[in-house]
Structures are given as structure tokens and as C-alpha cells.
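The next block holds one structure in the form of C-alpha cells; read it before the comments.
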Amino acid sequence: MSNGASNEMGDTMTHFLVTEDKPDGHRLEDILIMIRKDMLTRALKIADDIRPEALHVMNNNMEILNLLSQAILLAEDSSRVLTKAFGASAKGGPPRIGKA
């Protein structure tokens, strides 16, 4: 089962990440950083709300933010490993690992 869109040839394409078919896509860590920033902005809007539901949502958001931060570190580490092994990626060029 695929979560990506398909082109005319039935090949799976990504919605957000850089590929040969989507050179204007984003790096995974950049997307995660944007999401984290949006969540922090939203969290500030409910920071003074002490209703149980708001506190519950805030606690969930803090856990999600922690997981996002861990995911960002992992994505950055993967990028470093690939750059060290294969050089910088060409935006929209062939993948450095796996198949096109």
C-alpha cells in the first residue's frame, strides 16, 4: 500500500520530499522543523488555558514536540551519513541510495 501519489506510469511519487520527479521538494528535517515551529506557535496560544482539556492537549503537544525533536536529529544524522559517503545531494537528482 502506498501513501504517495502516482504519476501516469503508476510510479509512486512523494508529496513533500525531494525526488527526481519533485526537485522543488523539501528535506525531511526541514519539514519536521516547520511542523515543530507551527506546533510551538499554537502551543503558546493555549499556554494560559488551565481547563483540563487544554492541559491535556498541551501535555500531548509537549510529548509530540519531544518526538519531533528526536526525529529531526535522526533525519539530520541520516543526511550527514549520506553526504559523507556519497557527497552532497543534487536537488532533484538521482537518489544517493536505493532506486530511482
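The values are calculated or read from the model by the stated rules, or taken from the named source; none is laboratory data. Since we're looking at a predicted model, the values are computed, not measured. Neighbour counts run over all protein chains shown; Cβ positions are idealised from the backbone, glycine included.
Residue-by-condition table, conditions (1) modelled with pLDDT under 95; (2) surrounded by 15 or more Cβ atoms within 10 Å (Cβ to Cβ); (3) within 16 Å of the chain's Cα centre (by Cα):
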site: Glu53; (1), (2), (3): no, no, no
site: Asn61; (1), (2), (3): no, yes, no
site: Leu82; (1), (2), (3): yes, yes, no
site: Ala90; (1), (2), (3): yes, no, no
site: Gly93; (1), (2), (3): yes, no, no
May I ask you to list the residues in segment 25-51 that are of a type in the set (Val, Ile, Thr), under 13 Å from the mean Cα position of the chain (by Cα) and more than 26 Å from Pro94 (Cβ to Cβ)? Ile35
The one condition in (1) out of contact with any Phe, Trp or Tyr (no Cβ under 8 Å at 6 or more places or on another chain); (2) at pLDDT 95 or above that Ile31 fails to fulfil: (1)
So, in segment 60-77, how many residues would count as being in contact (Cβ under 8 Å) with a residue 12 or more places away in the chain, hydrophobic (A, V, I, L, M, F, W, C) and within 16 Å of Asp38 (Cβ to Cβ)? 6
Here the residues within segment 17-38 that are within 17 Å of Ile97 (Cβ to Cβ) and among the β-branched types (Val, Ile, Thr) are Val18, Thr19
Restricted to segment 26-45 and to residues being of a type outside the set (A, V, I, L, M) and touching a residue at least 40 places away in the same chain (Cβ under 8 Å), the residue farthest from Met62 (Cα to Cα) is Arg27
Restricting attention to segment 14-27, the residues that are surrounded by 11 or more Cβ atoms within 10 Å (Cβ to Cβ) and out of contact with any strand residue (DSSP E or B) (no Cβ under 6 Å at 6 or more places or on another chain) number exactly 9
